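The block underneath contains the structure these notes are about, expressed in structure tokens.
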Amino acid sequence: MQRLEQNAYRTVPPNLFDPLPSEEKQADGWIRPSASYWQDVWMRFTRNKTALFGLVFIGLMALFAIFGPLFSPYPYDGMDMLSGNQPPNSVHWFGTDKFGRDIFTRVMYGARISLTVGVFAAMINLLIGVVYGSVSGYFGGRVDMVMMRIVDILIGLPSLLYIVLLMLVLGSNLVSVIIALCITSWIGTARVVRGQVLSIKHNEYVLAAMLAGATNRYILFRHLLPNSMGPIIVSTAFLIPSAIFSEAFLSFLGIGINVPMASWGTLANEAIPMLQSRPYQMLFPVAAISLTMFSLNFIGDGLRDSLDPRLKK
């Protein structure tokens, strides 16, 4: 009651459009510290527990991949035939394979290779997809028709066929795997960017920039792409697990990373003959792949919810 009486007898400003004094705003609790768009995205992202768990797990996995092999007493390709096929113990935490190689060290080294492939392939696909999709959507007309027909042709081709052919030509190594994964993986990003550019290129601020004499490059990189960053970031977040899984699948088939280099797919392939007698050799690389896939997809879902203003609560 006392606060209502104070509000009732409060002095009205001489001009109704003048802002209230700051002490009155703070006294009534009408104002709170403003947050930028990205600060708001981060606050909404941290409220998503599964996305936060995925981010923490990927951060730990990255540290595990970068620094773990440096402190391991065993090299990833060091063989000790007298210590072959040991179960997990205090010396070899994940056990050893048939050649006596420490599985824990090889899983750490495999994390380094798999995450490197995923990040580099995603960045290359992001660059190609953003440039291709933005040019197609911005210029439209015949340019858009020709560029999208090329995309339709690439979608119609079986990707596994030309990936295998490319691996046979270039050889099974890290560079050839990244190149093979970048042939058509950019198509999804290009279509997302094209749709975003088509939807916003007729907005008033874009037309004002055109009337002011801004170049096409300036409009694309200053107005259109920054306002499409939400879907682009989400698309990139989903490209990384797709690239990691594709690399693991190729290595599992025997056409990816060459032995003795260790990727998670290579470790799973080597564990097939021992699946019945020593399942732990399959368990640890498959668990690493699965947890990484879940975590990256949790991050992608969290980013999609955080960057979409329609889902803001």
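Tabulated data
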| read-out | value |
| --- | --- |
| Whole-angstrom gap from the range 130-209 to the range 217-296, using each part's C-alpha centre | 20 Å |
| Computed P(r) (all Cα pairs; the range 224-305; 10 Å bins; percent) | 18, 37, 25, 14, 5, 1 |
| Three-way shape call for the range 124-231 based on the alpha-carbon gyration tensor, with the a/c threshold at 1.5 | prolate |
| Using alpha carbons only: equivalent-ellipsoid semi-axes of the range 64-197, gyration tensor based, whole Å | 44, 16, 10 |
| Prolate/oblate/rounded label for the chain (Cα gyration tensor, a/c 1.5) | oblate |
| The chain - percent relative contact order, Cα under 8 Å, separation 6 or more | 23 percent |
| Order of H202, H223 - criterion: other Cβ atoms within 10 Å of each residue's Cβ, fewest first | H202, H223 |
| Exposure proxy ranking, count of Cβ atoms within 10 Å, fewest first, for K201, K98 | K98, K201 |
| Student exercise, the chain dipole from Lys, Arg, Asp, Glu Cβ charges, in Debye to nearest 20 | 420 debye |
| Estimated [θ] at 222 nm from DSSP helical runs (n ≥ 4, -39500 (n - 2.57)) normalised by residues in the chain, nearest 500 | -21500 deg cm²/dmol |
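Read-outs: derived from the displayed coordinates by stated rules, not from any lab. As the structure is a prediction and not an experimental result, all values here were calculated from the model. Heads up, the Cβs are rebuilt from the backbone with ideal geometry, glycines too, and the neighbour counts pull from every protein chain shown.
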